[in-house]
Amino acid sequence: MPHTVLAIDDSPDVHRLLDVRLKLEGLILHHALDAEAGLATARELRPDLILLDVDLPTLTGFEVCQRLKVDPATAQIPIIFLTGATEVHTKVQGFDLGAVDYVTKPFEPAELRARVRAALRTKRYHDLLAARSNVDGLTGVWNRSYFNQRMGDEVSAAVRYGRTVSLIMLDVDNFKSLNDSYGHPFGDRVLEDLGELLHTLLRTTDAPCRYGGEEFALILSETNEAGAQISAERLRERLAECPFRPGDKHVKVTASLGIACSTLFEPKELTVSRMVTVADDALYRAKAEGRNRVCVGRRNKDVRD
Ligand code: GH3
Ligand code: MG
Ligand code: MG
């Protein structure tokens with residue numbers, strides 16, 4: 001996949017020059033001629049690198065940089081400032097705001113290319129490390145820290161843009177007695193297989209996460225309660241059908257699932273912890289009603305935290 005780079009500059013000449021100078025780098029260059037278009041495109045495209053003019057007319061490049069850094073959707077995108085000014089304090093201000101580099105205009109072609117390449121290389125390592133440190137070692141699904149970050153982003157999008165997100169809490173039934181009867185390594189194998197099953201059955205836009213022990217939190221983007229119910233039921237069925245064979249025995253493994261959908265809440269009441277509480281309550285009900293079942297969360301009259 002070629003890298004995508006967004007250039008934000010009010011001068012069409014600069015864009016033409018960047019096109020020419022970066023042509024051989026094999027990247028896809030997008031253009032924005034003012035701060036507002038730049039911010040919107042950055043949010044939508046999430047490019048691998050932003051080349052940002054310091055002297056923009058409405059908002060300065062520094063202000064654009066600040067906005068990009070406080071928005072979780074764009075905070076991780078490296079920024080190289082394009083500046084005509086060579087005073088030390090301007091460069092320092094750019095670095096202090098989170099820029100990774102700067103290039104002075106008029107561009108020295110070889111230097112521009114080298115700095116762009118270096119920034120993209122660092123971004124690739126950063127993405128690789130971030131992905132690895134967010135994956136649970138045993139099951140291969142996302143870990144708890146990724147859950148917190150992703151669920152936070154999904155809830156913000158639901159509050160701000162009216163998007164819908166569902167959360168399914170899944171807990172393996174009687175897992176302690178499985179461990180006790182067949183040994184801890186067998187329990188681990190069940191969790192490994194469960195991780196794989198979650199990857200297979202969920203959409204690529206969904207995020208299965210290990211919440212802790214034998215409990216999983218499944219984030220379903222753009223999915224309403226009915227959709228979540230279908231997914232949860234399918235998971236429950238497939239797991240119950242899955243034969244687990246420690247030695248020569250056939251062991252049935254089941255799970256209980258609880259669902260919470262963002263549409264249960266008024267936007268001003270919607271938080272991650274409230275969604276977790278509702279899904280947990282539904283999971284608890286599924287356990288109490290006999291396990292190996294799906295329960296849909298209801299919002300309590302007085303929202304609890
Ligand atoms: P319930 O149906 O009510 O959920 O019963 P349960 O036995 O599954 O619930 P409980 O919370 O009492 O037990 C969870 C067990 O999961 C206890 C713990 O030893 C086991 N466990 C947690 N993490 C792991 C793990 O990584 N590997 C294995 N093998 N077992 C684990
Ligand atoms: Mg359990
Ligand atoms: Mg448990």
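The values are calculated or read from the model by the stated rules, or taken from the named source; none is laboratory data. Computed from a prediction, not measured in an experiment: that's the story for all the values here. Using ideal geometry, Cβ is built from the backbone for each residue, glycine included, and neighbour counts are taken over all protein chains shown.
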Kindly list, by first and then second residue, each pair from a residue in segment 182-198 that is closer than 13 Å to R245 by Cα to a residue that is more than 8 Å from ligand 1 (Cβ to nearest atom) and at pLDDT 90 or above, limited to pairs with Cβ atoms under 7 Å and residues at least 6 apart or on different chains. V190/V253
In segment 220-234, is there at least one residue being exposed (fewer than 13 other Cβ atoms within 10 Å of the Cβ), free of Cβ contacts under 8 Å to residues at least 40 places away in the same chain and not hydrophobic (A, V, I, L, M, F, W, C)? no
Let me spell it out: the conditions are (1) within 16 Å of ligand 2 (Cβ to nearest atom); (2) farther than 20 Å from T263 by Cα; (3) among the β-branched types (V, I, T), and I168 meets all of them except one. Which number is the exception? (2)
Would you mind finding the one in A217, A226 that is hydrophobic (A, V, I, L, M, F, W, C), modelled with pLDDT of 95 or more and away from ligand 3 (no atom under 16 Å from the Cβ)? A226
Go through (1) basic (K, R); (2) buried (at least 18 other Cβ atoms within 10 Å of the Cβ); (3) free of Cβ contacts under 8 Å to residues at least 24 places away in the same chain and name the single condition R121 misses. (2)
Of (1) assigned to a loop (DSSP other than H, G, I, E, B); (2) modelled with pLDDT of 95 or more; (3) not acidic (D, E), T41 satisfies all except one. Which? (1)
With respect to Q76, determine if the residue is polar (S, T, N, Q) and within 19 Å of A118 (Cα to Cα). yes
Being more than 16 Å from ligand 1 (Cβ to nearest atom) and modelled with pLDDT of 95 or more is the requirement here; does M169 meet it? no
Looking at segment 124-148, which of its residues are in contact (Cβ under 8 Å) with a residue 60 or more places away in the chain, outside any helix (DSSP H, G or I) and polar (S, T, N, Q)? T139, N143
Exactly one of G212, G162 is exposed (fewer than 15 other Cβ atoms within 10 Å of the Cβ), in contact (Cβ under 8 Å) with a residue 24 or more places away in the chain, within 16 Å of ligand 1 (Cβ to nearest atom) and within 23 Å of V272 (Cα to Cα), and that residue is G212
Collect the residues in segment 215-227 that are of a type in the set (G, A, S) and more than 16 Å from ligand 1 (Cβ to nearest atom), keeping them in residue-number order. S221, A226, G227
